[in-house]
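Report on the structure given below.
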Amino acid sequence: MRGEFRTGDIEQSQVLSLLNESFEDWGDEELFQWKYNEYPRYDPDKHSFSITIDGELAAFRRVFRKEFVTDEETIPIHIYGDTAVAPKYQGRGLYSKLYERTKEYSEQSDAKYVAAFNRKGNLTFDANLERGWSYQTLPLQLRIISPKPVLKTYASYITNNTPVIDSVLKTVGHRLHITTSDGILTVEEMVAKNNKSGYQSIGPVLSDIAIADYVEEVSTDGNTLKNILTRSFSLAINGHVSIDGTLDDTKPKYDGLTNIETRVKNKISGEEIDRIISISGEDEVFRRSARNLHHLIQYPKSDVILAYDNNNNIIGYAILGPQRTSDVVEGRILEIQTKNNNNRIRSALLNRALDRSINRGFDLLLVISEESLGRKWARVDYQTIVYNNMNDDYMNDDFISPSRFSFYDIV
């Protein structure tokens, strides 16, 4: 049973089925259309790589061509994305075959670097490191809106790495609970699929700040149960963990109002696009042409949020789009840019994005930013860019600054 390698277009339904089989809740036909068919300068004959076995799509990879822009030069780069091997064909070396063929394509092109956006610890991340690739962690931050579904997701960070704790919590978890701002959640609900019902339980009340801190602790490299217990003591002392229900849930400074006007737009005019392009060009890594920005604002079901000065001039923008991951609906800020990199404008845009996320029923809001956004935001360090130099005579890693990426580059 030999695999047939090919470069070129594959039936959309087959690719979409494989992606959703390999990555839980990858997306629907509308997202596929936006990410593939509508992507600027996408050429399926050059950018799609696949392996079929007995007529069945067994493995797939997509190459995205982008450009880094520095003061001195423009640097072509290939982003490897949507690499998937059907579960029934895993362990047969298909991933390695895809890697070698796409690497060969990149070597024959003008690309100076190849890169991918990987989560720490997944198979692709580990495989790239084994091949000698470098990586940097992206400054991902999240604001929890609905604690219960988010806690269920992040509880697995502890239980998956600590089997003893997982076993204990599954045994006695129906007797323990956590009270959050959107209700009571038993520990068993966070760690087990089948839950016992009708039992009395006890447990603490957690403020939104406490929940953000716990999420940050469990998703930070090298942290152990000791780190979590130490943070728990600090939170209790400061009134964010309580047994009697009394909490100090003081709003962080970030949540304060600004006097900068923001508007959510359904349609963008040519003049507004030109202004957005001008702002985007002030501080960027990946080139944002008019074609790229038109594509960006067409992300399925997205909101375009614009900030204005007193003269009704556009001084910043943010693109907010939804993505379902497991049982959680994420609101992702695909890109946020401001005139002169102004923090007050950025805060106004983030506040409006948070309001929209709440109104649209999102469970959390995510953004890539190195700025301190407030106590209710958690920093998580699982999203990375991994990269490799394609030319030993060319060395310029300085342009890869994690803070300059956005979710648009990742998705």
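Between Arg92 and Gln14, what length comes free when the chain is fully extended (0.36 nm per residue of separation minus the Cα-Cα distance, one decimal in nm)?
26.1 nm
Short version: ³J(HN,Hα) in whole Hz for each residue of the range 315-324, in order, from phi by Karplus 6.51 cos²θ - 1.76 cosθ + 1.60 (θ = phi - 60°), x for Gly and Pro, what are they?
Once θ is set to phi - 60°, the couplings for the range 315-324 become 10, x, 8, 9, 10, 10, x, x, 8, 8 Hz.
Expressed in nm to one decimal, what extension gain is obtained for the pair Asn340 and Lys265 from 0.36 nm per residue of sequence separation less their Cα-Cα distance?
The span from Asn340 to Lys265 would gain 24.8 nm if fully extended.
Take every Cα pair under 8 Å in the range 1-148 that's 6+ residues apart, average their separations, divide by the length, and report that relative contact order as a whole percent.
Worked out over the range 1-148, it gives 20 percent.
Suppose each label sits 7 Å from its Cα in the direction of the beta carbon; what would the Asp355-Arg404 distance come out to in nanometres?
3.3 nm
How large is ³J(HN,Hα) for each residue in the range 301-309, as worked out from phi by the Karplus curve 6.51 cos²θ - 1.76 cosθ + 1.60 (θ = phi - 60°), to whole Hz, x for Gly and Pro?
Working through the residues one at a time gives 6, 8, 10, 9, 10, 10, 10, 10, 8 Hz.
Sticking with the crude label model, points 7 Å out along Cα→Cβ, report the distance from Lys226 to Asn122 in nm, one decimal please.
About 3.2 nm separates the two model spin labels.
Could you work out the relative contact order of the range 312-397, using alpha carbon pairs under 8 angstrom and six or more residues apart, expressed as a whole percent?
25 percent
Put a dot 7 Å past each Cα toward the Cβ at Gln136 and Asn313; how far apart are the dots in nm?
Taking the two extended label points, one gets 3.1 nm.
Kindly rank 51-59, 138-146 from highest to lowest mean number of other beta carbons found within 10 Å of each residue.
Sorting 51-59, 138-146 by mean packing, highest first, produces 138-146, 51-59.
Kindly provide the trypsin sites (Lys or Arg not before Pro) of the range 17-76 that DSSP labels as loop, not H, G, I, E or B, and whose Cβ sees at most 14 other Cβ atoms within 10 Å.
Taking the range 17-76 and a limit of 14 other Cβ atoms within 10 Å, the loop trypsin sites (Lys or Arg not before Pro) found are Arg41.
Sorted by mean Cβ packing within 10 Å, highest first, what order do the peptides 210-218, 105-113 take?
210-218, 105-113
All of the numbers you see were taken from the coordinates with simple rules; none came from a lab. It should be emphasised that the depicted structure is a prediction, and the values quoted were computed from it without experimental measurement. Methodologically, a virtual Cβ is constructed for each residue, glycine included, from the backbone with ideal geometry; neighbour enumeration extends over all protein chains shown.
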